[in-house]
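The values are calculated or read from the model by the stated rules, or taken from the named source; none is laboratory data. This is a predicted model, so every value here is computed, not measured. Every residue, glycine as well, gets a Cβ built from its backbone with ideal geometry; the counts of neighbours run over all protein chains shown.
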Amino acid sequence: EAPEPFHEEVHDPRRRDFINIAAVSFAGVGALAIVLPLINQMNPSADVLAQSTTEIDLSKIAPGQAIKASFRKQPLFVRNLTPKEIAEADAVPLSELRDPQTLEQRTKPGKKNWLITLGVCTHLGCVPLGAGEGENKGPYGGYFCPCHGSAYDTAARIRKGPAPLNLLVPDYKFDSDTTVTVGAAA
Ligand code: FES
């Protein structure tokens, strides 16, 4: 049997599709190669959200109170610790902590009463209670996650329950005694 002529093979629709797809993909990769360095240049951290910051007015948060704000679409807790709550946090030996950190390390110098953390449980991401009037602060006086019972202390450090880590402290800086910008490097 004679072999099929060459032009028949080129007109096979499946083969044509393959050639077209290959050409389009190749063009796509080429375009990405040009665009990616531009994106990286505009956004060195490669995190689009790194550009957004949240300003918090601290003047409305009384000692002993914690408020819920939002930062990059996630809940944010801002807490004004009382001297008693600070003393409670300082009294805990680091050896008793699952994720050992002092309150000092979790706050800014001279501003130990201002505790700013994400309101995202480090177990599976529920929003813990305790940053709102009358909310359950849990057995350690900080925050309590109703999903699986993780309890955080007044420095928002994990003390009981399945969460492995303390509530995360985001980058932030004081603009004045009464304003902080969350998401900005200090
Ligand atoms: Fe908070 Fe599980 S998500 S304890």
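Some notes on this structure:
- Hits in the range 154-186 (condition: in contact with a helix residue (DSSP H, G or I) (Cβ under 6 Å, 6 or more places away or on another chain) and either of a type in the set (D, E, K, R) or buried (at least 16 other Cβ atoms within 10 Å of the Cβ) (or both)): 154, 155, 169
- Residues of the range 106-135 that turn out to be under 10 Å from residue 157 (Cβ atoms) and free of Cβ contacts under 8 Å to residues at least 40 places away in the same chain, as a count: 0
- Selection from the range 145-175 of residues that are closer than 17 Å to residue 85 by Cβ and within 10 Å of the ligand (Cβ to nearest atom): 151, 152, 158
- Pair list, Cβ under 8 Å, 6 or more apart: the range 161-182 residue touching a residue at least 40 places away in the same chain (Cβ under 8 Å) and closer than 23 Å to residue 98 by Cβ, other residue of a type in the set (Phe, Trp, Tyr) and more than 16 Å from the ligand (Cβ to nearest atom): 170/71
- Residues being exposed (fewer than 14 other Cβ atoms within 10 Å of the Cβ) and at pLDDT 95 or above - total across the range 40-59: 3
- Restricting attention to the range 99-137, the residues being within 14 Å of residue 168 (Cα to Cα) and either more than 23 Å from the chain's Cα centre (by Cα) or within 15 Å of the ligand (Cβ to nearest atom) (or both) number 13.
- Condition met for residue 142 (closer than 17 Å to residue 119 by Cβ, modelled with pLDDT of 95 or more, surrounded by 24 or more Cβ atoms within 10 Å (Cβ to Cβ) and more than 10 Å from the ligand (Cβ to nearest atom)): yes
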